[in-house]
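Each remark here refers to the structure printed beneath this line.
Throughout, read-outs are computed from the coordinates displayed, never taken from laboratory work. The model shown is predicted, which means the values in this text are computed figures rather than measured ones. No Cβ is skipped: glycine too gets one built from the backbone with ideal geometry, and neighbour counts run over all protein chains shown.
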Amino acid sequence: MEKTEIVFSNTPVRKSERLFKLVTLLQGRRTAVTAQTLAEELGVAMRTVYRDIQALVLSGVPIDGEAGVGYRLRKGFDLPPLMFQVEEVTALLVGSRMVQAWTDPDLAQAAKQAEAKILAALTPQMLINVSRLPYRIPVYERAESGIHRLLRQACEGRQKASIAYRDMNGKDSSRTLWPLGMVGWGDHWTLLSWCEMRNEYRNFRFDRIQNIMLLPEHYPQHAERSLEHYLTRIVGIEDEQKPA
């Protein structure tokens, strides 16, 4: 389908940015969105939304709907190239480089590819600004990078894992776990899990896992053995957040 170009002639920069955000909000919804919802998302008055909708329609953007009912972007409409603010680019690039530095190789590669797409969408001036960013996050090979990949796979697929673990006192144990989620603390990562041996939630530091093997068995969905239940339960209970 042929792309439609949005042209805002003699439009102030701030309004252009708002109109672009408005189109983005409409594109991300499957159902009609009311003017009140759009106004709240954009931080403007409803009458401003009405005027902006009219401006977009006159510019050729295919928006269906009416005041009091809601608005919907017609299927098949393509947005023009992405527009970023300096702070948005900074946030995205810093986040990408943290992923590259602190997670597994597969996710790091995906972050590099996403970063390349972001840079390709920037204007020459934005690229100059990006080159001056003060953040530097060194990427180096970590012994537990393979563990990251396996545990991410286990969490996503609800796959049981068997680990050999050495606790902070040097005591070794073997555990069969339901990997539920992973938490980065800056200097280390921990696995949030259900431990079959303890029949309770337990945390395990990645750098204390001596060996890991994913089991063919998948754990079931369980309302009281889940990441959501864990996070609700530990609110305000500091001791249970410590690694086993």
(request) Evaluate the relative contact order of the chain (contact order divided by residue number), counting alpha-carbon pairs under 8 angstrom at least 6 apart; express in whole percent. (result) 12 percent
(message) Under the rule a/c < 1.5 gives rounded, and otherwise a/b versus b/c splits prolate from oblate, where does segment 13-73 land using the Cα gyration tensor?
(response) rounded
(request) Per DSSP H run of n ≥ 4, the term is -39500 (n - 2.57); total these for the chain, divide by its residue number, and report the mean residue ellipticity at 222 nm rounded to 500 deg cm²/dmol. (result) -12500 deg cm²/dmol
(request) Would you mind classifying segment 145-241 by shape? Square roots of the alpha carbon gyration tensor eigenvalues, ordered a ≥ b ≥ c; an a/c under 1.5 is rounded, otherwise it is prolate if a/b is larger than b/c and oblate if not. (result) rounded
(request) Mind checking which of 130, 153, 57 is farthest towards the positive end of the chain's charge dipole, using Cβ charges of +1 (Lys, Arg) and -1 (Asp, Glu) about the Cα centre? (result) 57
(request) Please report 192, 107 as a ranked list, fewest other C-beta atoms within 10 angstrom at the top and most at the bottom. (result) 107, 192
(request) Go through segment 120-126 residue by residue and turn each phi into a ³J(HN,Hα) via Karplus (6.51, -1.76, 1.60, θ = phi - 60°); whole Hz please, and just put x for glycine and proline. (result) 5, 8, 8, 6, x, 5, 5
(message) Quick check: the distance between the Cα centres of segment 144-170 and segment 40-58, to the nearest angstrom?
(response) 49 Å
(message) Distance cut-off 32 Å, Cα to Cα: go down the list 21/160; 112/171; 15/117; 75/117 and report the pairs above it.
(response) 21/160; 112/171
(request) Determine the gain in length on full extension of the stretch residue 221-residue 119; use 0.36 nm per residue of separation and subtract their C-alpha separation, reporting nm with one decimal. (result) 32.7 nm
(message) How far apart, in nanometres, would the label points at residue 141 and residue 128 be if each is projected 7 angstrom from Cα along the Cα-to-Cβ direction?
(response) 4.0 nm
(message) Based on DSSP loop calls and a cut-off of at most 12 other Cβ atoms within 10 Å, the longest stretch of the chain free of exposed chymotrypsin sites (Phe, Trp or Tyr not before Pro) is what?
(response) 1-134
(message) Using +1 at the C-beta of Lys and Arg and -1 at the C-beta of Asp and Glu, which of 181, 139, 90 has the Cα lying farthest in the positive direction of the dipole of the chain?
(response) 90
